[in-house]
Amino acid sequence: MKIAFYGSSLVSSYWNGAATYYRGILKALHARGHDITFYEPDAFDRQQHRDIEAPPYAKSVVYPATVDALNAVLVEAATADVVVKANGVGVFDAELLEGIVRHARADAIRIFWDVDAAATLDEMRADASHPVRRALPDLDMVLTYGGGPPVVDAYRGFGAAQCVPVYNALDPETHHPVPRDERFACDLAFLGNRLPDRESRVEEFFLKPAALLPEQEFLIGGNGWESKAMPGNVRHRGHVYTAEHNAFNCTPRAVLNVARDSMAHVGFSPATRVFEAAGAAACLITDAWEGIEQFLQPDSEVLVARDGQDVAEHLATLTPERAAAIGQAALARVLRDHTYDLRGAEVDALLRRLQLAVAA
């Protein structure tokens, strides 16, 4: 099928946490014969911080963040069998969603792909005229980055014809074990941008353990943290490009995952970092959220913390040998159950069933 995908960015992870998710899913769909064009605006300096050039599995169309350019790329939706609008583009989100509904062929499959479902649903509850609420009757399916039963039930309650979570996963060709890199040497590393609905949890799960363990070394990567007051044993790296993620994950004794407030609340929402770290055979410590057992087994494949004190206690007793054993177990689990090849197969099957239904 010919797929037109309107999203934040495929070629840049700069202020764009969904980049590796898009890459993994679309690469897997291309391997199953789909012809994909990814449309992204030139916005937020993403093009100046590219991680990759246009990949072989999707045609990359970068358009100026102007109304004229927006209208020009939306017209191309009429050539596709499947038209996808992902949220979080950051410019013209409402216009893009309205545009795919307006321009897609009558026999095309229309999909809203929600990469921040908890936040979207909160907005929809507060606003009866929200663009997604208005568009749901004209959409064939909602796919989500995660969320499990609570998100599926909520979307169905708003009238979605179908809602299916497509979870993050691992691409073992891009995220895998590599040799240590002393730039990232520390006892605990965290990678994530500074966002309003994450900052308090980073304070609790990362900065509090750093203060409790002054003899240990901590490393934080991501945008926005340079102005944040931190304990003296915390180093800040700034933006970490995807080519550096493997070394960032492989080098520390442990790495930390901290969910955003909304995603922690609904559960069943593993971040891309979870699978990237597991794919590098890192020892992962994650904040507690419902559904973690669906992805990694606590204590043997991942360490789970209810608060910063738990993180500190994990680190205080974590030997290099146990850290290595947990990392190897996590790697084996994600290679077996959580690859983008498997996720791509799920999406491919959904699209083919929808195509038959639309044609009937």
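Structural remarks
- The lysine pair count for the chain, using Cα distances under 22 Å and pairs eight or more places apart or on different chains, is 7.
- What a 1.4 Å probe finds exposed on the chain is 53% carbon and sulfur by accessible area, rounded to a whole percent.
- Trypsin sites (Lys or Arg not before Pro) restricted to region 239-320 and DSSP loop, no more than 16 other C-beta within 10 Å: 306
- All Cα-Cα distances of region 93-160, cut into 10 Å bins from zero to the largest, leave 20, 58, 21, 1 percent in each bin in turn.
- Selection from 209, 271, 225 lying farthest towards where the dipole of the chain points positive, charges on Cβ: 271
- Counting only Cα atoms, region 114-258 measures 55, 36, 23 Å along its principal axes, largest extent leading.
- Value of D in µm² per second that Stokes-Einstein yields for region 1-147, Kirkwood Rh from Cα pairs, at 37 °C (0.692 mPa s): 214
- Kirkwood Rh in Å, taken over all unlike Cα pairs in region 302-360: 14.8
- Net charge over other residues, Cβ less than 14 angstrom from the Cβ of residue 116 (K, R count +1; D, E count -1): -3
- Measuring nothing but how far apart in sequence close Cα pairs (under 8 Å, 6+ apart) lie, relative to its length, the chain scores a relative contact order of 16 percent.
- Near residue 163, the amide H atoms lying under 5 Å from its own belong to 142; only residues 5 or more places off or on other chains count, and H is placed 1.01 Å from N.
- Estimated translational D of the chain in µm²/s (Stokes, Kirkwood radius over Cα pairs; 10 °C; 1.306 mPa s): 76
- Equivalent ellipsoid semi-axes - Cα gyration tensor, region 31-80, angstrom: 20, 18, 5
The values are calculated or read from the model by the stated rules, or taken from the named source; none is laboratory data. Just so you know, these numbers come straight off a predicted model, no measurement behind them. Because the Cβ atoms are built from the backbone with ideal geometry, glycine has one as well, and the counts that use them run over all protein chains shown. Each accessible area value is taken on the protein alone, full model and side chains, heavy atoms only, with ligands, DNA and RNA left out. Shrake-Rupley method; radii C 1.70, N 1.55, O 1.52, S 1.80 Å.
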